Amino acid sequence: MEMTMDELERKRPFNKQKMVIRLTLVSIAVLTLFAFATFDYKEIQFLDAVISTAHTLKTMFFQPLFKHITFIEAVTYLFMTLGLAFLTTLFGAVIALVLGLMAATNLSNPTLSIAVKGVVAFIRAVPTVLWVLIFAVAAGLGSVAAVIGMTFHSVSYLVKTYSESFEELDKGVIEALRASGANWVQIVFQAVLPSSITYLISWTFMRFEINFSVALAMGAAAGAGGIGFDMFMASSYYYDVREIGAITYLILTFAILLELIAGRIKKKLRVQK
């Protein structure tokens, strides 16, 4: 005799993980409702605020206009931001390649591997902007602190991805090379890098996309220049929503172009593999 759904539910063992998830979701919902109910709105008229916001968004996205900078200057600043992202990705990839080999359990000493992974995990847990501000204490606000801080975080991100790519290599290949007398350098260049190159390029390009987004924020937060600083000036200093819209469209167009290029590169890598 088939059991009904209610009987099956009653016979299922207690699942602690599902219970914790449900309690967490319920707690978040209750706290959210409590927060909205106890906010000090300072006599703000909600309907007026919505209408004002809609009007601002309409002006921003339907009437974009460069006023304090020209289109050519905006494109120039955009390429400055792109250069910052490229430079930090390049530095991060070179350093992470060496540390990634040290962190891979199949290529390195277990103690060294754990130590490298522990350090980069700590670095990765701290937001990029915080690292930039930490280095700004020594180097001052500007592009130098932005490059060092972004490179620092890029290394921690790429070490994790690179080491995991190296660890996916078939152990039999490494053992065969060791048995034939190959040293560590020969194993890396003859087996590890050739088999992992597609993954390395793919992860590096993904980090480049992340660094481009971070470079926009660093232009405002750390005074690193570029299009991010101009957006900050337009929003906080001039309060020119039309120029904010124009800059946003420019950034969005470039981001889409960057995503299309990334897709083409990844597609070619899959075909070659």
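The values are calculated or read from the model by the stated rules, or taken from the named source; none is laboratory data. Predicted model, so just to flag it, every value in this text is computed and none were measured. Methodologically, a virtual Cβ is constructed for each residue, glycine included, from the backbone with ideal geometry; neighbour enumeration extends over all protein chains shown. Accessible surface is based on the protein model in full, side chains and every heavy atom, while ligands, DNA and RNA are left aside. Shrake-Rupley method; radii C 1.70, N 1.55, O 1.52, S 1.80 Å.
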Mean separation of Cα pairs under 8 Å and 6+ residues apart, divided by the residue count of the chain: what relative contact order is that in percent?
-> 26
Could you tell me what percent of the accessible area of the chain is made up of carbon and sulfur, with a 1.4 Å probe and every protein chain present?
-> 70
Sum up the charges of everything whose Cβ sits under 14 Å from the Cβ of Ile256, counting Lys and Arg as +1 and Asp and Glu as -1, but leave Ile256 out.
-> -1
Magnitude of the Cβ-charge dipole of region 70-270, K/R +1 and D/E -1, about the Cα centre, nearest 20 debye?
-> 460
Return one whole number: the accessible area per residue of region 70-270 in Å², for a 1.4 Å probe.
-> 50
Work out the charge dipole of region 70-270 with +1 on the Cβ of Lys and Arg and -1 on the Cβ of Asp and Glu about the Cα centre, then indicate which of Val188, Leu257, Val129 is farthest towards its positive end.
-> Val188
Mind ordering 56-67, 198-209 by average Cβ neighbours within 10 Å, highest first?
-> 198-209, 56-67
Among the DSSP H helices of the chain, those whose Cα atoms extend at least 24 Å along the helix axis and whose mean Kyte-Doolittle hydropathy is -0.5 or higher are 16-38, 71-103, 143-167, 193-221, 241-272
Does anything in region 86-116 have its amide N under 19 Å from the 7 Å Cα→Cβ label point of Ala182, and if so which residues?
-> 98, 100-109
Using a Förster distance of 45 angstrom, determine the FRET efficiency expected from the C-beta separation of Leu33 and Glu168, and round it to 0.05.
-> 0.50
Rank by packing, highest mean first: peptides 160-166, 215-221, with packing defined as the count of other Cβ atoms within 10 Å averaged across residues.
-> 215-221, 160-166
